[in-house]
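In what follows, a structure is listed as structure tokens, so that the remarks can point back to it.
The values are calculated or read from the model by the stated rules, or taken from the named source; none is laboratory data. Nothing here was measured: the structure is a model prediction, and the numbers come from that model. Cβ coordinates were reconstructed from backbone atoms using ideal geometry, including for glycine residues, and neighbour counts include every protein chain displayed. Keep in mind that these areas ignore ligands, DNA and RNA; they rest on the heavy atoms of the full protein, side chains included. Shrake-Rupley method; radii C 1.70, N 1.55, O 1.52, S 1.80 Å.
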Amino acid sequence: LCSSSGLHAAQNDAKAFRFDKFPVEVYRGHLRILREFRKDSDGVWHDESGKPAFRPHVNFAGEYYLAAHSCGTCCRYYSLNNLRTGGGVSGVSMFDAGDPSPLTRDGRTYVPILYFKPDSMLLIVQYELDLCSTPTPKNQCRQRYFVFKDGRFRAISRTLPSCTQEGDESE
């Protein structure tokens, strides 16, 4: 487990890196939805794998739709689409967790969970450690902050030894 100083550092960083400190204006014009998302005759949205998906809408950095996709147990990948231009952004693949699971520098598997808001450039990544290991130890978490600017993700913190509570995962 983390030391109390590690938790204190994470809490201090959480105060410095808040969504409202990285504001952007939210695009409210016509949405250009990429072909990887489609709506069936019943009005249900699906991703390129045919799995149910949320309706594409601006949910990140003012004009983007950031979506999580499942590729199996403890396997997930993300897509990032600019709904103003209709273009995709490839840089989000740095947060994917395929099969086999990615490893931390100290050899632990992780699944990244992303937290974000429509009116902010801030992206909070929580790395859930050993989530799918057997036998499963008590889950631990690490956290890092990124800013999305000029089509790129830039880390603005080191990887912290514990996670803060960010509420529900963004869709």
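Summary of computed values
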read-out: The stretch 24-47, residues that are among the β-branched types (V, I, T) and either more than 20 Å from the chain's Cα centre (by Cα) or surrounded by fewer than 11 Cβ atoms within 10 Å (Cβ to Cβ) (or both); value: V44
read-out: Selection within the stretch 48-87 - over 16 Å from the mean Cα position of the chain (by Cα) and part of a loop (DSSP other than H, G, I, E, B); value: E48, S49, G50, K51, R55, G72, T73, L83, R84, T85, G86, G87
read-out: Exclusive hit being surrounded by fewer than 20 Cβ atoms within 10 Å (Cβ to Cβ), under 17 Å from the mean Cα position of the chain (by Cα) and within 18 Å of R32 (Cα to Cα), set S90, S101; value: S90
read-out: Positions within the stretch 88-109 being among the hydroxyl-bearing types (S, T, Y) and either out of contact with any Ser or Thr (no Cβ under 6 Å at 6 or more places or on another chain) or assigned to a loop (DSSP other than H, G, I, E, B) (or both), in sequence order; value: S90, S93, S101, T104
read-out: Contacts under 7 angstrom Cβ, first residue in the stretch 18-47 being assigned to a loop (DSSP other than H, G, I, E, B) and among the small types (G, A, S), partner modelled with pLDDT of 95 or more and open to solvent by 100 Å² or more (accessible area, probe 1.4 Å), 6 or more apart; value: G29/R84
read-out: Members of the stretch 119-135 that are in a loop (DSSP other than H, G, I, E, B), in contact (Cβ under 8 Å) with a residue 60 or more places away in the chain and either surrounded by 20 or more Cβ atoms within 10 Å (Cβ to Cβ) or of a type in the set (A, V, I, L, M) (or both); value: M121
read-out: From E63, E25, residue being out of contact with any strand residue (DSSP E or B) (no Cβ under 7 Å at 6 or more places or on another chain), closer than 25 Å to A155 by Cα and not small (G, A, S); value: E25
read-out: Top-ranked residue in the stretch 61-76 [being of a type in the set (S, T, Y) and at pLDDT 90 or above; ranked as most open to solvent (accessible area, probe 1.4 Å)]; value: Y64
